[in-house]
Amino acid sequence: MTFEDYKLGPGDQIRIITFSDEQLTGDFRVNDSGTIALPLLGQVRAAGLTTNQLADEVAATLRSKNLYRDPSVAVEIIAYRPVFVLGEVTRPGQYPYQPGMSVVTAVAVAGGFTYRAVEDSASIVRLQDGKATEYRAGRQSLVQPGDVITIFERRF
C-alpha cells in the first residue's frame, strides 16, 4: 500500500487547508460515521476516500454551494488510526501508527516479545470494505492503521 492510496477511516485526524480562507482551514477527526463536520458545509463524507479525493470533494462542495468559484483545497493526515498489539508482548495495548510500521516494530513499541512468544509469525486482523479479515503475517509484514496484531504463545 502506498500512502497516496491510503483510505481515510474513523479515528484518522486530518488537516484541511483552504487557501485564502482561514475559516475553512483546520484540523478535523473522521468520526465513527465516517464524516467530518466542516464550517459552512456541514457533514462531508471522508471514510473510504484518499486525501486527494477528499480535497476534490470539499472543493466540489464549495463550488456547488456557490461559496467559491475556483477553490484550492489540500488535505494532509496529521495522525493515523492506532494499531493494537495483543498476546505475548510485554505491554499489550493501543499504540500510535507510524508509516512503514511492520509487525516487529509494532512489537518493539509494545515492549518486545515475552519469553513465551512465537517470534516468527503473528495474526493480523484488518478491516477491509467493512469486513474484518484475519491472516498470518511474518515479522517484516507491513501493518496498516487500525490493524489488530496478535502475537501467539509457543507450545512447549
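The values are calculated or read from the model by the stated rules, or taken from the named source; none is laboratory data. No experiment lies behind these values; they were computed from the predicted model shown. FYI the Cβ positions are ideal-geometry reconstructions off the backbone, even for glycines, and counts take in every protein chain you see. Areas reflect the complete protein model, heavy atoms only, side chains present, ligands, DNA and RNA absent. Shrake-Rupley method; radii C 1.70, N 1.55, O 1.52, S 1.80 Å.
Need the full-extension length gain, Glu153 to Ser20, defined as separation in residues times 0.36 nm minus the C-alpha distance. One decimal, nm.
Length gained between Glu153 and Ser20: 42.3 nm.
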If ligands, DNA and RNA are left out, what is the accessible area of Lys65 with a 1.4 Å probe, given in Å² to the nearest 10?
100
Amide H proximity to Thr25 below 5 Å, modelled H, separation 5+ or other chain, gives Thr18
Mind giving me the nanometre distance, one decimal, between the label points for Ser121 and Gln43, set 7 Å out from Cα along Cα→Cβ?
4.3
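Taking 0.36 nm per residue of sequence separation and subtracting the Cα-Cα distance, how much length would be gained by fully extending the chain between Gln94 and Gln53, in nm to one decimal?
Taking Gln94 through Gln53 to full extension adds about 11.9 nm, to one decimal.
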5 Å is the cut-off here: which amide hydrogens, built 1.01 Å from N in the peptide plane, fall below it relative to Val83, excluding neighbours closer than 5 in sequence?
Tyr95, Tyr97, Gly146
For the chain, the accessible surface attributable to carbon and sulfur atoms (probe 1.4 angstrom, ligands and nucleic acids excluded) amounts in percent to 50
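Assign one of three labels to segment 35-123, namely rounded, prolate or oblate, based on the Cα gyration tensor with a ≥ b ≥ c the square roots of its eigenvalues; rounded applies when a/c is under 1.5, prolate when it is not and a/b is larger than b/c, and oblate otherwise.
Verdict is prolate for segment 35-123.
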Near-label residues of segment 117-156 by backbone N, under 18 Å of a point 7 Å along Cα→Cβ of Ser33
none
Percentage relative contact order, the chain, counting C-alpha pairs under 8 Å, at least six apart
19
By how many degrees, between 0 and 90 and to the nearest 10, does the Cα long axis of helix 51-64 differ from the longest principal axis of the chain?
20
At R0 = 22 Å, FRET efficiency that the Cβ-Cβ distance of Ile77 and Gln128 yields, to 0.05:
0.70
Anisotropy class of the chain from Cα gyration tensor, a/c 1.5 cut:
prolate
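State, as an integer percentage, the relative contact order of segment 1-87 based on alpha-carbon contacts under 8 Å between residues 6 or more apart.
Dividing the mean separation by the residue count of segment 1-87 yields 35 percent.
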Skip the ligands, DNA and RNA, and give the accessible area per residue of segment 90-147 with a 1.4 Å probe, whole Å².
58
